[in-house]
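Have a look at the structure below before the remarks.
Read-outs throughout are calculated quantities, based only on the coordinates presented, and are distinct from any laboratory measurement. Everything numeric here is computed off the predicted structure, so don't read it as measured data. Cβ coordinates were reconstructed from backbone atoms using ideal geometry, including for glycine residues, and neighbour counts include every protein chain displayed.
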């Protein structure tokens, strides 16, 4: 059956544009009714709705034929990530729009508090808002408001079924495939500025050191004062005044929240360091794909201080939510979901220590500066934090950090509380992404039922089965996002490296990089431009001018007569591409 609403790819049939469902390979080509001034062409992608047998455009073009954004939609189709929802969901949306529950008398009215959101500049699904105040006698009040998606998306509804099937929202360069319809995730549920919204608020009190002394969970009505961005807040921190003029974020109702966010964030980071939580210093790869252009922009983006502070409040919320579940114990109708991250096995930690010791000896570098003083009680977090990441030896610091990263285990959702090594918590739950993860919606539901006294009721088999399905969906979504990101990044890297092959070998760019790791079959090199980590496979490079191999110690690779140690720079050149794999050869 032809869907009434879908993402269409336009094609020319008998000199007329026709629309085919992009996510249904056997769908028929339907007449397309172009409306407005948009100059649609064959190959364009656009969302359409059927009316009287014709496909009518719904909004602007999603991607122009042959554009970088169109390539990203191909990735979405490969993983069956359709952004359009079915008619049952649309019918429920109409009911919600008619009564969004903002005037619910059961909500506590917190609109007088100047909440504010801080997110990426282009974010539209605003999950969290915050309000911070200083307490008399020292300490802080931290009110963290989370979008009340659980009120709108309830088990048994078409919305919940659709969210469970997706598991989470998925992010690609240029667009997102939302877990919830945009009418919810970017409007009625999103904590948008200057409108009243429902929220689950964790109202926490912290002492002067940043430790939690009490937490209150309440469903409330809030009114965010502004939608701020990480770059804007960081600029306020770095330059609170521009000459005689104060920054635009100074003197606002929420200015104290921004100032205290820095204070509380620093204190929480200090507490994390005391728990030996490793602070990995890494750049995030940003791939930009516009709807019209054919070029990708790949850049490395350092995390800003304000992002780390915001992250600390989110972690605080999630650990407090997990504590609520853990302290409740085993109640008949309590079905919580935890995020568990086991620490690396002690044998892998010992292997890392030996590798660092061997690297120091092999390089002949100053042991006082580079050795891990593990026998003297130095934690891995303390060791990595004192290594240089810039300058002449910055590459070595990054290489050692990568060796520490690879010994970590993967975190998983589970029905049993367990430690989360990555954040140094005895128990951890995902409260902070209720519009982007089905686990967040379900976690809110369970917490609210616990607070309302419903967790003592007998649990039925459907509820126990639902908990298992939520856990499976959450873990599946994490793996799928990783695959999607990898596929999207590969397309961008392919577009950047492909022109190299059009040149004679000796004229191709010499791409500078740092050796971060070595295995028996390949090396891991972090390029400077584009700023990505690529694998250099030794297969096919055993002979000739580009011959290279792994050193038996796995501390170096041999490129002809030259030995390149971990952390050292080298230059590479693209020499071929086959079966989706680039061959980059280290140069002498």
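If we restrict to alpha carbons, what Rg and Dmax does region 1-126 come to, in Å?
Just the Cα atoms of region 1-126 yield Rg and Dmax of 19.0, 62 Å.
Let me check against my output: what whole-number percent is the relative contact order of the chain, with C-alpha pairs under 8 Å and at least 6 apart?
13 percent
Can you pull the one-decimal nm distance between simple spin-label points at residue 34 and residue 561, each 7 Å off the Cα toward Cβ?
Calculated label separation equals 6.5 nm.
What translational D, rounded to a whole number of µm²/s, comes out for region 1-62 from Stokes-Einstein when the hydrodynamic radius is the Kirkwood one over Cα pairs, at 37 °C and 0.692 mPa s?
291 µm²/s
Give the share of C-alpha pairs in each 5 angstrom bin for region 503-586, from 0 to the last occupied bin, in whole percents, shortest bins first.
Final binned percentages: 3, 16, 28, 28, 18, 6, 1, 0.
Could you please rank 255, 319, placing first whichever residue has the fewest other Cβ atoms within 10 Å of its Cβ?
Fewest-to-most ranking of 255, 319: 255, 319.
Kirkwood Rh, region 92-320, all Cα pairs: how many Å?
Hydrodynamic radius (Kirkwood, Cα pairs) of region 92-320 is 19.3 Å.
Taking each pair of different alpha-carbon atoms in the chain once, compute 1/r for the pair, average those values, and report the inverse of that mean as the Kirkwood hydrodynamic radius in Å to one decimal.
Details: mean 1/r = 0.0373 Å⁻¹.
Hydrodynamic radius (Kirkwood, Cα only) of the chain equals 26.8 Å.
Rounded to the nearest 0.05, what FRET efficiency do residue 416 and residue 346 give with R0 = 25 Å and r taken as the Cβ-Cβ distance? Could you check?
So the FRET efficiency works out to roughly 0.70.
Fewest first, what order do 227, 245 take by the number of other Cβ atoms within 10 Å? Please list the in-between numbers first.
On the way: 227 20, 245 8.
Starting with the residue having the fewest Cβ neighbours, the order is 245, 227.
Against the globular-protein guess of 2.2 N^0.38 Å, express the Cα radius of gyration of region 314-454 as a ratio, rounded to two decimals.
Working it through for region 314-454, the quotient is 1.38.
Which FRET efficiency, nearest 0.05, do residue 512 and residue 452 yield, Cβ-Cβ r, R0 45 Å?
According to the calculation, E is roughly 0.15.
Taking the convex hull of the Cα atoms, report for region 54-97 its projected area averaged over all directions, in nm².
Directional mean of the projected Cα hull area for region 54-97 stands at 4.6 nm².
Please work out the C-alpha center-to-center distance from region 204-267 to region 546-582 and express it in whole Å.
47 Å
Could you give the nm distance between label points at residue 218 and residue 376, where each point is 7 Å from its Cα heading toward the beta carbon?
Between residue 218 and residue 376, the label points sit 5.1 nm apart.
If a paramagnetic tag sat 7 Å from the Cα of residue 392 along the Cα-Cβ line, which residues of region 352-367 would have the backbone N under 19 Å from that point?
Hits in region 352-367 for residue 392 at 19 Å: 360-367.
Taking 10 °C and 1.306 mPa s as the conditions, I'd like the Stokes-Einstein D for region 346-405 in µm²/s, using the Kirkwood hydrodynamic radius from alpha carbon pairs.
Reported coefficient: 136 µm²/s.
Could you give P(r) for region 405-473, binned at 10 Å from zero, as whole percent values over all Cα-Cα pairs?
Over region 405-473, the share of Cα pairs per 10 Å bin runs 17, 45, 30, 6, 1 percent.
State the volume of the convex hull built on the alpha-carbon positions of region 47-183, expressed per residue in Å³ and rounded to an integer. The partial results should precede the final answer.
Numbers: hull volume 24.4 nm³, N = 137.
For region 47-183, the hull spanned by Cα atoms encloses 178 Å³ per residue.
Can you give the calculated 222 nm mean residue ellipticity of the chain, where each DSSP H run of n ≥ 4 adds -39,500 (n - 2.57) and the sum is split over every residue, rounded to the nearest 500 deg cm²/dmol?
-10000 deg cm²/dmol
How many nm separate the modelled label positions at residue 354 and residue 102, each set 7 Å beyond the Cα in the direction of the Cβ?
6.4 nm
Which of 239, 247 has the fewest other C-beta atoms within 10 Å, and how do the rest follow up to the most?
On the way: 239 10, 247 18.
Result, fewest neighbours first: 239, 247.
Set the Förster distance to 25 Å, then compute FRET efficiency between residue 41 and residue 2 from the Cβ-Cβ distance, nearest 0.05. Intermediate results must be reported in sequence, preceding the final value.
Values: r = 23 Å, r/R0 = 0.92.
Taking R0 as 25 Å, the efficiency between residue 41 and residue 2 is 0.60.
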